[in-house]
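See structure below.
The values are calculated or read from the model by the stated rules, or taken from the named source; none is laboratory data. Here the structure is a predicted model, which is why all the values come from computation and not from measurement. So basically every Cβ, Gly included, is an ideal-geometry build from the backbone, and we count neighbours across all protein chains shown.
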Amino acid sequence: MPSLTAEDLLVALSAAEQARQGEGYLCCTFKVPELDPLAVLESLDEPAPRGYFENPSRRRAHAAASPIAEWLGAGPQRFHQADRWLRDLYATMTCIGGVPRVIATFPFYPGDHAEAQKSRMFLPAWQVVTEDGVTTVTLADKATPGCAARLAIRAEQFRRFNYRPSTAAVRAPVPTVLSEVGGNWFPQAVQRATELIKEGSFEKVVLTRAFDWRRAEPFNAYATLHRLRRANPPCHAYLVDEPEGALVGATPETLLSLFDGEVRSEAVAGTTRRGESASEDASLAEALLASDKDQREHGAVTASILRRLRMVGVLAATSRGAELLRLGNVMHLRTPIVGTMPADRRFLEVAGELHPTPAVGGKPRDLALPFIPGFEPHNRGLYTGAVGWVGADGLTGKLFVALRCARLKGNVARAFAGAGIVEGSDPASESAETEMKLRTILEALT
């Protein structure tokens, strides 16, 4: 991307403003000195909705806020509805320097009921993206008279951005006992789910637990994010907003990535804890790779993703053998999946076919998912949903599966964790697995 001087940017914006004649949107993307997107988001401290996504190990981070165009939708066709809105939005844009990103959040459930949480897409007024030390800023505004001057002023503010350091967040010790939503329901639910599997109702179902942590001081989402990215560099740290609060987490799983026509997804299923010594860690890894139960669970997820990618026309969708994904508290079986996007398909079409995968829902999807609300006493919301961004042209994007997270509102944090139930699942083992997964978010909360 060529670097635009302030003068060149104003000239280009002025010409675009005149051409738009007061209709649509004007967007511009330009390089600035390196910024930390999380520090920018914290310094500006914008009201919801916001979006933040970072993979520390790959030196990629993205912060965005202040919607100027927004879509809300629900139902089985929500991904297609979102894509139609995106097409219409892009047709009204004039873009200088690149195509802007649009923040996207899709809850686990379609949201058919009136009280259910809706899916959301929004075009941010500002976003900051840093990749390998190179920072770009994208600004957007309605193409009303004077928009070129307004954007040029804001561009200079980002070129000369000053962070506003916040007071260090109060760090409280992780409680030894949390309040589980619904009480001690999980072991009995696991037992019942395995009975239904034996009866042939479904092959796999994912059951999740929710725990509340209340304390005197409010939780700090930005400080929690900072801890998450420091402690979990291979994961994707994220922040997205829900009606009930900010969802903050560090997920190991990408639902779908699309760049330059290459489709990437992954199957992440099968879990064990990390060892306290190198030899114990190696022994646990060996046992996970040899576990029939975990291999069956992982294989079902991999096969489902491959089948659904091929159903929507993704070309040469292939996977290699399962590998170990080692994280701070746990390790998983992971299988990368790649393919080529056909010319007549768009990002959200494929994402809608994949979500939710058997790693967070069940298999077969249509048989397993209807059972989940009858088991779980809590509302998942965006937990196990799809969160991330889509290029405004619909041809690029990255959506993550919202895992290892907590919903923060004031002095209450609701943390989530789940486990895949298959034939042979044991209630005690599945309970222990969810508690291992909880540690990622609980140890980061501030």
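Exactly one residue among Val387, Val360 is more than 17 Å from Ser304 (Cα to Cα), surrounded by 24 or more Cβ atoms within 10 Å (Cβ to Cβ) and at pLDDT 95 or above, and that residue is Val387. For the condition among the small types (Gly, Ala, Ser) and either touching a His at 6+ places or on another chain (Cβ under 6 Å) or not in a helix (DSSP H, G or I) (or both), Ala39 does not qualify.
A residue that is under 26 Å from the mean Cα position of the chain (by Cα), part of a helix (DSSP H, G or I) and modelled with pLDDT of 95 or more occurs nowhere in region 46-53.
Residues considered: Glu376, Glu435, Glu443. Of these, the only one that is in contact with a Ser or Thr (Cβ under 7 Å, 6 or more places away or on another chain) and acidic (Asp, Glu) is Glu376. The combined condition, being under 24 Å from Met121 (Cα atoms) and without any contact (Cβ under 8 Å) to a residue 12 or more places away in the chain, is fulfilled by Ala343. Within region 70-83, being crowded, with 20+ Cβ neighbours inside 10 Å and in a strand (DSSP E or B) holds for one residue alone: Trp71.
Of all the residues in region 426-446, those that are touching a helix residue (DSSP H, G or I) at 6+ places or on another chain (Cβ under 9 Å), charged (D, E, K, R) and in a helix (DSSP H, G or I) number 1. Any residue that is crowded, with 21+ Cβ neighbours inside 10 Å, among the aliphatic types (A, V, I, L, M), modelled with pLDDT of 95 or more and part of a strand (DSSP E or B) - is there at least one of those in region 226-238? Checking region 226-238: at least one residue is crowded, with 21+ Cβ neighbours inside 10 Å, among the aliphatic types (A, V, I, L, M), modelled with pLDDT of 95 or more and part of a strand (DSSP E or B). When you check Ala415 against the structure, is it surrounded by 18 or more Cβ atoms within 10 Å (Cβ to Cβ), over 17 Å from the mean Cα position of the chain (by Cα) and either assigned to a strand (DSSP E or B) or outside the structural domain of Leu247 (by TED's automatic domain parsing) (or both), yes or no? So Ala415 fails the test. Are there any pairs with C-beta distances below 6 angstrom linking a residue in region 316-328 that is in contact (Cβ under 8 Å) with a residue 12 or more places away in the chain to a residue that is among the β-branched types (Val, Ile, Thr), with the two at least 6 apart or on different chains, and if so which? Pairs found: Ala316/Thr340; Ser319/Thr302; Ser319/Thr335; Ser319/Ile337; Ala322/Thr335. Scan region 190-207 and tell me whether some residue there is at pLDDT 95 or above and closer than 30 Å to Gln18 by Cβ. So far as region 190-207 goes, no, none of its residues is at pLDDT 95 or above and closer than 30 Å to Gln18 by Cβ. Take Ser277 and tell me if it is more than 26 Å from Gly321 (Cα to Cα), polar (S, T, N, Q) and free of Cβ contacts under 8 Å to residues at least 40 places away in the same chain. Yes, satisfied.
Let's see how each residue does on (1) crowded, with 23+ Cβ neighbours inside 10 Å; (2) aliphatic (A, V, I, L, M); (3) outside the structural domain of Thr254 (by TED's automatic domain parsing); (4) out of contact with any Cys (no Cβ under 7 Å at 6 or more places or on another chain):
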site: Arg20; (1), (2), (3), (4): no, no, yes, yes
site: Glu23; (1), (2), (3), (4): no, no, yes, yes
site: Lys31; (1), (2), (3), (4): no, no, yes, yes
site: Leu35; (1), (2), (3), (4): no, yes, yes, yes
site: Ser43; (1), (2), (3), (4): no, no, yes, yes
site: Asn55; (1), (2), (3), (4): no, no, yes, yes
site: Arg58; (1), (2), (3), (4): no, no, yes, yes
site: Ala61; (1), (2), (3), (4): yes, yes, yes, yes
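Glu349 passes every criterion in (1) under 24 Å from Gly261 (Cα atoms); (2) among the acidic types (Asp, Glu); (3) without any contact (Cβ under 8 Å) to a residue 40 or more places away in the chain apart from (3).
Kindly establish whether Arg209 is touching a strand residue (DSSP E or B) at 6+ places or on another chain (Cβ under 9 Å), assigned by TED's automatic domain parsing to the domain that holds Pro377 and either within 27 Å of Arg365 (Cα to Cα) or surrounded by fewer than 15 Cβ atoms within 10 Å (Cβ to Cβ) (or both). Judged against the criteria, Arg209 is a match.
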